[in-house]
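Participant: Sending over a structure as C-alpha cells; questions will come in a sec.
The values are calculated or read from the model by the stated rules, or taken from the named source; none is laboratory data. All of these numbers come straight from a predicted model, not from anything done at the bench. For neighbour counting, all protein chains shown are included, and Cβ atoms are generated from backbone atoms with ideal geometry for every residue, glycine included. All accessible areas refer to the heavy atoms of the entire protein, side chains included, with ligands and DNA or RNA removed. Shrake-Rupley method; radii C 1.70, N 1.55, O 1.52, S 1.80 Å.
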Amino acid sequence: DQQVKQNSPSLSVQEGRISILNCDYTNSMFDYFLWYKKYPAEGPTFLISISSIKDKNEDGRFTVFLNKSAKHLSLHIVPSQPGDSAVYFCAARDRGSTLGRLYFGRGTQLTVWP
Amino acid sequence: DSGVTQTPKHLITATGQRVTLRCSPRSGDLSVYWYQQSLDQGLQFLIQYYNGEERAKGNILERFSAQQFPDLHSELNLSSLELGDSALYFCASSVWPGWAQETQYFGPGTRLLVL
C-alpha cells in the first residue's frame with residue numbers, strides 16, 4: 001500500500017527553467033514532509049521539509065508547497081541547473097507515530113539539460 | 001557527507017548465505033533506521049532502533065534481523081539469502097524519533113547482489 005505517491009517517474013527540464021516535482025499522499029495523519037535528493041551510488045540527501053502547519057517553505061532555489069486539502073505537495077526548483085539532475089524522493093511522517101519512520105514515494109528522476 | 005557510515009559498500013554473495021551490514025550513526029544520534037531499495041522501488045522501511053532498543057518494524061522478513069549496540073552502531077543481518085534480496089540497503093539516523101520535525105540523515109548504502 002503506497003501511502004506516498006510520485007506518479008511521474010521522470011522529468012526533463014532545460015537549464016534555467018523551473019522544475020516542478022509532484023507528490024500525493026493518502027494518509028491524513030501525515031504532518032511533516034521531506035524531500036530528498038539522490039545521486040547514483042550515494043545515499044539520499046535531505047533537501048527541504050515542510051510542516052503541515054505551513055503551506056510553503058523556501059530555501060534558496062528550492063520551494064516546497066503543501067496543499068493539505070488535496071493531499072498534495074510539490075517541489076519547485078528555480079532556476080534548474082544541470083547539477084540538480086538526480087532522483088528526488090518525497091517522504092512523509094505520521095503524526096500519530098512517535099517512532100519517526102518515514103514513508104517514501106518511488107522517486108522522480110529529474111534530468112536538467114543545457 | 002551526512003556523517004552516517006555504512007560498510008561494506010558492495011557485497012556479492014550466493015543464495016543461502018548470510019551477510020551482515022554495518023552502520024554507524026551520526027555523532028549524537030540515538031535512533032537508527034534501516035531501509036531497503038529494490039529496483040524501481042522507493043525506500044521500504046525495515047526496522048528502527050532507538051538507544052539500543054527495537055522501536056518499530058516495517059516490511060522486514062523473518063530471515064532478517066538487526067540490533068543496535070551500546071556504542072549505537074547497528075548491524076543488519078540477512079540470512080538464507082534469495083535472489084530477490086538483491087537491493088540497496090540504507091541506514092539512516094536521527095537524534096530522537098519523537099521530535100515532530102526530525103530529519104533522518106542517510107548513509108551511502110550497501111549494494112547487495114545475491115547470485
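Participant: Distance between the C-alpha centers of segment B:1-35 and segment B:42-61? Whole Å please.
Facilitator: The distance from the Cα centre of segment B:1-35 to that of segment B:42-61 comes to 13 Å.
Participant: Assuming R0 = 22 Å, what is the FRET efficiency of residue A:54 and residue A:15, from their Cβ-Cβ distance, to the nearest 0.05? Spell out each step's value before the answer.
Facilitator: Numbers: r = 30 Å, r/R0 = 1.34.
So the FRET efficiency works out to roughly 0.15.
Participant: Say a paramagnetic label sat at a point 7 Å from the Cα of residue B:44, along Cα to Cβ; which residues of segment A:1-27 have their backbone N under 18 Å from it?
Facilitator: A:1-6
Participant: Now for a separate question. Let me confirm one metric for peptide B:87-93, namely the mean number of other chain beta-carbon atoms within 10 Å of its residues' beta-carbons.
Facilitator: Working: counts 0, 3, 0, 3, 1, 7, 0.
Across B:87-93, the average partner-chain Cβ count within 10 Å equals 2.
Participant: Have a look at B:48, B:25, B:14 and report the one farthest towards the positive end of the charge dipole of segment B:6-55, computed about the Cα centre with Cβ charges (Lys/Arg +1, Asp/Glu -1).
Facilitator: Final value for the positive-end residue is B:14.
Participant: Can you compute the FRET efficiency between residue A:111 and residue B:53 using 1/(1 + (r/R0)^6), with r the Cβ-Cβ distance and R0 = 41 Å? Round to the nearest 0.05. If you can, show how the numbers build up before the last one.
Facilitator: Working: r = 43 Å, r/R0 = 1.04.
Computed FRET efficiency for residue A:111 and residue B:53: 0.45.
Participant: Restricting to bridges with both residues inside the protein assembly as shown, how much of the DSSP beta-bridge set is antiparallel, in percent to the nearest 5? Show your work: numbers first, answer last.
Facilitator: Working: 73 of 82 bridges.
Counting only bridges with both partners in the protein assembly as shown, antiparallel ones make up about 90 percent.
Participant: Going through segment B:54-109, which chymotrypsin sites (Phe, Trp or Tyr not before Pro) have at most 10 other Cβ atoms within 10 Å and a DSSP loop state?
Facilitator: Values: sites: B:64, B:89, B:90, B:99, B:105, B:106; in loops: B:99.
Hits after loop and neighbour filter: nothing returned.
Participant: Counting only other chains, and only Cβ atoms inside 10 Å, what mean value do you get across the residues of A:100-110?
Facilitator: Working: counts 17, 13, 9, 5, 7, 2, 5, 5, 0, 0, 0.
That average works out to 6.
Participant: I'd like the mean, over residues of B:42-53, of how many other protein chain beta carbons sit within 10 Å of each residue's own Cβ. Can you show the working numbers first?
Facilitator: Details: counts 13, 12, 2, 5, 1, 1, 3, 0, 3, 0, 0, 0.
What the average comes to for B:42-53 is 3.
Participant: Here is a follow-up. What's the extension gain from residue A:76 to residue A:27 if we count 0.36 nm per residue and subtract their Cα-Cα distance?
Facilitator: Working: separation 49, 0.36 × 49 = 17.64 nm, distance 2.27 nm.
Gain on stretching residue A:76 to residue A:27: 15.4 nm.
Participant: Rounding to the nearest 20 debye, state how big the charge dipole of the protein assembly as shown is about its Cα centre with +1 on each Lys and Arg Cβ and -1 on each Asp and Glu Cβ.
Facilitator: 240
Participant: Ignoring any ligand, DNA or RNA, what whole percent of the accessible area of chain A comes from carbon and sulfur when the probe is 1.4 angstrom? Could the numbers behind the result be given before it?
Facilitator: Details: 2600 of 5290 Å².
Ligands and nucleic acids excluded, carbon and sulfur reach 49 percent.
Participant: Another question about this same structure. Classify chain A as rounded, prolate or oblate, taking a ≥ b ≥ c as the square roots of the eigenvalues of its Cα gyration tensor: rounded when a/c is under 1.5, otherwise prolate if a/b is larger than b/c and oblate if not. Numbers along the way, then the final one.
Facilitator: Values: a/c = 1.92, a/b = 1.60, b/c = 1.20.
Since a/c reaches 1.5 and a/b is larger than b/c, the shape of chain A is classed as prolate.
Participant: For the protein assembly as shown, state the average projected area of the convex hull of the C-alpha atoms over all orientations, rounded to one decimal in nm².
Facilitator: Details: hull surface 48.7 nm².
Average projection, Cα convex hull of the protein assembly as shown: 12.2 nm².
Participant: Counting pairs of alpha carbon atoms under 8 Å apart in space and at least six apart in sequence, what relative contact order in percent does chain A give? Can you show the working numbers first?
Facilitator: Numbers: 280 pairs, mean separation 42.2, N = 114.
Normalised by residue count, the contact order of chain A is 37 percent.
Participant: Taking 0.36 nm per residue of separation and subtracting the Cα-Cα distance, what length does fully extending residue B:17 through residue B:83 add? Show your work: numbers first, answer last.
Facilitator: Values: separation 66, 0.36 × 66 = 23.76 nm, distance 1.09 nm.
Length gained between residue B:17 and residue B:83: 22.7 nm.
Participant: Return the carbon/sulfur percentage of the accessible area of segment B:1-68, one whole number, probe 1.4 Å, all protein chains in place. Present the calculation step by step, with values, prior to reporting the outcome.
Facilitator: Numbers: 1560 of 3600 Å².
Carbon and sulfur: 43 percent of the exposed surface of segment B:1-68.
Participant: How big a patch of accessible area, both sides summed and in Å² to the nearest 100, lies buried between A and B at a 1.4 Å probe? Mind dumping the intermediate values first?
Facilitator: On the way: alone 6270 and 6350 Å², together 10700 Å².
Buried area (both sides, nearest 100 Å²): 1900 Å².
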